[in-house]
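To start, the structure under review is shown below, and the notes come after it.
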Amino acid sequence: MSQKPLRIGRTIAESTPAFDPLPRPPEGAPNVVVIVLDDLGFAQLGCFGGDVDTPAIDRLAAGGLRYRSFHVTALCSPTRAALLTGRNHHAVGMGFLTDLPTGFPGYNGRIPKSAATLPRLLRDTGYSTFAVGKWHLLPRWEQSAAGPFDRWPLGLGFERYYGFLAGDTNQWAPELVSDNGFVDPPASPEEGYHLTEDLADRAIRFVLDQQQATPGKPFFLYFATGAMHAPHQAPLAWIDRHRGRYDGGWEAFRDRAFARQQELGIVRAGAPLPGRPPWIAPWKDLSAEEQTLFARMMEVYAGFLAHTDAQIGRVVDFLEQRGLLDDTMVVLISDNGASAEGGPLGSDNEHRFAHDMLDDPSRLHARVHQLGGHRTYGHYAWGWAWAGNTPFRLWKRFAWLGGVRTPLVVHWPRGIAARGAVRGQFCHAIDVLPTVLDVVGLEAPAVVDGIVQQPIDGASLRATFDDEAAPDPRKTQYFEMLGSRSIWHDGWKATADHVGNQLTVERERVSGSHDFETDRWSLFKLDDDPAEANDLSEEQPVQLRRLVDLWWAEAGRNHVLPLEDGFLGRAVAMEPSPWGVRGRADLTAGGGPVSETLLPPMGGGFRLVAEIEVPEEGADGVVAALGDWHNGWACYVVDGAAAVCLNLFGDPVRVVAPEPLAPGPQRIEILYRRARAGGGPLALCVGGAPVAHGRVPSDLPFRWQIGGAGLLIGEDRGFPVCEDYRPPATFRGRIERVVLEALALLPPDQQAEIEALLRHE
């Protein structure tokens, strides 16, 4: 209905109103739910051949489509950027983890304004847009309460957000954000809190509130769990459901999965299955104690996945109960293949992986019954990653299919006639955005906010919904992650054998090149050999050369260069903090967590000074704390006495003053200096005099919490750093201020004073 033109007279009676049209989606546009699982292998869902209990996802697959040739980028931030922009990951600055931005266009860790995101495009056409869960799409310097917020979810097109910003977080005690601010979890670990349940609650609440206010208005929900990324943590009852299921080992799991994949049509019948590589221990050669440990690790993972599936089921059931499911296109993926970041033994503390440390077998055996619970931050042994990626080679971070091929499930009752069918078209995360736009009935805009948009690299999969013989959406796709490289073109795949230099254990055990000049490329015909089992490079040298040349052309077009296969080289080129190196932080109680990335560096040595007022009844509680009993440090008062604990990967160094603090003003100092051989002396001072000493046996972590914890003043939350207190442990007394300083940035005279105090140990 057309409206009359605006006319303004002397009175309303003499005037004609006119209204700016509100954006409205095309008629019949569906709701869209994109579910992103993390570190889930190709063979770990029931509907893709696994034997973990995943009835909710299996139900989506039975009512829709499974894609057996869906691909991602081999790492989390890059895949998420590709999915949300429809562009290749290097082309939008996300060639690696966003936490480590470098000064090169393909690796700056920032989605450019020339690549408007899917939520932004949908919001601009009248959709409500919600993001729940893991984000991991902004540089480390921007993951603080100070922002800037233009790359937080609300800055990239979402209207509401609830989740965590970093690459992982503790499932029992996460670092949560609501919209643009940090918040505490709604319950404690002791009260039974678990992150995935909370995320499902919030996803349901977002949609319910929106539909009750504007029924019929379509929504886009981006539901990105922290699962299945480490830490593998789940309620014990879910873990114990799988007790005994994996006692036969990883080879048995792989054989079962491969047989079922062929029955389901996920893998072509008669396809070859590559054998066990030498760096995976034969299950039969393991001791009984090792088998018990490794089987329990997989039980934990299975319980974690089954629990996650149940939360996805809650969201799907809610949509069905509200009459929304038939008009909702659900897209479910994993951001990369199964993770081997637990190494050959697995880990009870995944923080060690980031520091290239192997776990102590005796420690793991002693803690086997704690795996999955509050006291561990675990990851399974890499034999399970190999099995979980059946039938492929290698795992997350590699351009072999084990790193880049993952499940894709699409469910849309109103728009997809097929039920339970399998599609074989080659597709990629970049195809999600154009598929959604096609289904909604939108054209990608050429200009957004006055900025000309980059070409979209993906292509719509809609033609495959009802036509199993529809052509592949395009002919070429390159892959690169940490120097591991491959390219697919018209059914052929060339893969370089580059292993790289990220992890000592992989460099020493996994066969392949560690030098770009000596890399060897293999060639595979994936239609006949879906698992990269038969190398045809010797038989087809011309075809191989064509593909390698094509890879270099794609690398140039997408800003893949310069190549780097380790963390050290990347650190040399890493973007400095825009705020400079902070030598001193002057803090007080009453605020939220202060981001670890914006604190003075502690590794070479530090001084912490706390000026407090002790009441007549004595002080007690936390003065300052960062992290927890998996990795963290705290200054606190216990039984009236000043104390410090540096807990390195679960091994605490604790120093307590011999006498309680006297009432009145007090000054507590904690001093640490790194020794030349590593580790170093630790001193606790009261009133300017040393009262207790200790020694830190190894260097401090370069980052205390992978999940991006902050420093709290006057209280703690989640789990404690040590057993001396229980959060919140609110400080009894008054904190005037807490000052944290980097030792190397102090004036020489102050460094000399600290050195003298440390010599008293």
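Every number in this text was worked out from the coordinates using simple rules, so none of it is lab data. Since we're looking at a predicted model, the values are computed, not measured. Cβ atoms come from the backbone with ideal geometry, glycine included; neighbour counts cover every protein chain shown.
Results, tabulated for the structure shown:
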quantity: Calculated P(r) tail over 20 Å for segment 477-595, as whole % of Cα pairs; calculated: 56
quantity: Theoretical FRET efficiency, 1/(1+(r/R0)^6), r = Cβ-Cβ of Arg241 and Leu526, R0 41 Å, to 0.05; calculated: 0.70
quantity: Efficiency of FRET from Cβ geometry, Gln540 and Arg276, R₀ 22 Å, rounded to 0.05; calculated: 0.20
quantity: Per residue convex hull volume, Cα atoms of segment 584-758, in Å³; calculated: 102
quantity: Pairwise label distance in nanometres, Arg375 with Ala213, each label 7 Å out on the Cα-Cβ vector; calculated: 4.6
quantity: Radius of gyration, Dmax [segment 135-216; alpha carbons; angstrom]; calculated: 13.7, 40
quantity: Label-zone membership for segment 312-346, site Ser511, 7 angstrom Cα→C-beta point, backbone N under 19 Å; calculated: 344
quantity: Efficiency of FRET between Gln291 and Val572 - r from beta-carbon atoms, R0 41 angstrom, step 0.05; calculated: 0.45
quantity: Base-10 log of normalised Debye intensity for segment 515-572 (one unit scatterer per alpha-carbon) at q = 0.20 Å⁻¹; calculated: -0.92
quantity: Given (i) 18; (ii) 46; (iii) 15, the label whose value is percent of Cα pairs over 52 Å apart derived from this model; calculated: (iii)
quantity: Neighbour-limited loop hits for GluC sites (Glu not before Pro), segment 120-180 (at most 12 other Cβ within 10 Å; DSSP other than H, G, I, E, B); calculated: none
quantity: Set of lysines near Lys475 by C-alpha distance (under 29 Å), chain-local residues within fewer than 8 positions excluded; calculated: Lys113, Lys396, Lys493, Lys525
quantity: Karplus-derived 3J(HN,Hα), 6.51/-1.76/1.60, for each residue of segment 239-245, Hz, glycine and proline x; calculated: 5, 5, 4, 9, 4, x, 5
quantity: No Cys partner within the rule (Cβ under 4.7 Å), the chain; calculated: Cys47, Cys76, Cys427, Cys635, Cys685
quantity: Mean ellipticity per residue at 222 nm, deg cm²/dmol - from DSSP H runs of n ≥ 4 across the chain, formula -39500 (n - 2.57); calculated: -6500 deg cm²/dmol
quantity: At q = 0.15, 0.24 Å⁻¹, base-10 log of I(q)/I(0) for segment 292-337 (Debye sum, equal scatterers on each alpha carbon); calculated: -0.56, -0.90
quantity: Asp58, Asp168 arranged by Cβ crowding within 10 Å, fewest neighbours leading; calculated: Asp58, Asp168
quantity: Fewest-first ranking of Leu121, Leu236, using other Cβ atoms within 10 Å as the exposure measure; calculated: Leu236, Leu121
quantity: Trypsin sites (Lys or Arg not before Pro) restricted to segment 711-761 and DSSP loop, no more than 13 other C-beta within 10 Å; calculated: Arg759
quantity: Residue-by-residue Karplus 3J(HN,Hα) for segment 386-396, coefficients 6.51, -1.76, 1.60, Hz, glycine and proline x; calculated: 4, 5, x, 9, 3, x, 8, 8, 6, 7, 2
quantity: Relative contact order computed over segment 493-572 (Cα-Cα under 8 Å; 6+ residues apart), in percent; calculated: 29
quantity: Low-density loop cleavage sites - trypsin sites (Lys or Arg not before Pro) in segment 1-103, where at most 15 other Cβ are within 10 Å (DSSP); calculated: Arg10
quantity: Total formal charge among the other residues, if their Cβ is under 11 angstrom from that of Arg120, Lys/Arg +1 and Asp/Glu -1; calculated: -1
quantity: Built amide H within the under 5 Å cut-off of His232, gap 5+; calculated: Gly378, His379
quantity: Residue-span extension gain [Val183 to Ala252] - 0.36 nm each, minus C-alpha spacing; calculated: 20.4 nm
quantity: Neighbourhood net charge (10 Å Cβ-Cβ; Lys/Arg +1, Asp/Glu -1) for Asp348; calculated: +1
quantity: Trp412, Trp629 arranged by Cβ crowding within 10 Å, fewest neighbours leading; calculated: Trp629, Trp412
